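> The structure's right below; bear with me while I get my questions together.
The values are calculated or read from the model by the stated rules, or taken from the named source; none is laboratory data. Since the structure is predicted, the reported quantities are computational estimates derived from the model, not experimental observations. Don't worry about glycine lacking a Cβ; one is built from the backbone with ideal geometry, like all the others, and counts go over all protein chains shown. Note: areas computed on protein heavy atoms with side chains; ligands, DNA, RNA excluded. Shrake-Rupley method; radii C 1.70, N 1.55, O 1.52, S 1.80 Å.
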Amino acid sequence: MSTEPPPPPGSGEPPENDPFRKQPPPPSYGGGPYDTGGGGPYGGGGPGGYPADPLAGMPPLADSGKRTLARIIDMILVGIVVVLLTLAFGVSEYQMNGDRISAGRSFAQSLVAAVLFVAYDTLLIARSGQTLGMKWLRMRVANLSDGATPSTQTSLLRALVLWVPFAFCCACIWTVICGGWSFFDKPYKQGLHDKAAKTVVVSTGS
């Protein structure tokens with residue numbers, strides 16, 4: 001009879017009901033490109049016995065060009081709702097006069113846009129990891145640490161970093177900087193909102 005104690009239970013694993021949770025790959029005895037002994041980009045080894053490379057066991061990273069197209073689709077869809085709501089309530093951001101009423105209306109439209117964009121991203125990403133644009137172009141958001149669908153808190157943080165500056169101060173500039181960061185980021189192709197939330201965007205099919 002073996003006298004070895006039973007192995008300790010795993011910790012930090014994705015929820016059992018998450019169909020995208022990453023399965024631990026077989027042990028590797030060779031030094032991969034990320035096998036530096038220092039763990040992932042946020043410190044430490046992967047949870048649940050995962051290797052130092054957080055991408056091991058995940059689908060390939062999504063193409064940055066397709067990510068941009070998916071974001072444009074989402075902006076159009078939510079933008080239509082923003083325009084309809086602001087027109088219905090007599091709110092417009094582009095008044096030519098400079099009185100206080102015009103300034104108040106400008107803030108109101110920005111507030112409506114921020115709430116709708118943040119809610120759209122948060123609810124859909126927390127539910128399935130996909131906005132409509134991502135679903136149509138076959139990609140999804142995943143936790144970098146374990147490949148699971150991001151939690152509501154993670155999805156909210158990601159959405160706030162992406163959409164609040166977009167809605168209130170520097171829409172075009174922030175969109176280019178935050179989303180375009182993935183074109184140059186190595187090795188995880190993360191936008192600034194991904195870095196804040198510790199997520200990546202992966203492909204779900206060809």
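> Multiply the residue separation of Val115 and Arg138 by 0.36 nm, subtract the distance between their alpha-carbon atoms, and state the gained length in nm to one decimal. Intermediate results must be reported in sequence, preceding the final value.
On the way: separation 23, 0.36 × 23 = 8.28 nm, distance 2.57 nm.
Result for the pair: 5.7 nm of gain on full extension.
> Over the residues of region 140-206, compute the C-alpha Rg and express it relative to 2.2 N^0.38 Å.
Against the empirical 2.2 N^0.38 Å value, I get 1.11 for region 140-206.
> Take Tyr120, Tyr188 and sort them by solvent-accessible surface of the protein heavy atoms, 1.4 Å probe, largest at the top.
Working: Tyr120 40, Tyr188 20 Å².
Greatest to least solvent exposure: Tyr120, Tyr188.
> So for Trp163, Trp136, Trp181, Trp174, what's the accessible-area order with a 1.4 Å probe, most first? Please report the intermediate quantities before stating the final value.
Details: Trp163 5, Trp136 150, Trp181 110, Trp174 50 Å².
Order by accessible area, largest first: Trp136, Trp181, Trp174, Trp163.
> In terms of modelled amide H atoms, which long-range or inter-chain residues lie less than 5 Å from the amide H of Asp185?
Gln190
> For region 106-180, take the convex hull of the Cα atoms, compute a quarter of its surface area, and give me that in nm², please. Mind dumping the intermediate values first?
On the way: hull surface 20.9 nm².
Average projection, Cα convex hull of region 106-180: 5.2 nm².
> Something else: Tell me the label-point distance for the pair Lys66, Val176, using the 7 Å Cα-to-Cβ offset, in nm and rounded to one decimal.
2.6 nm
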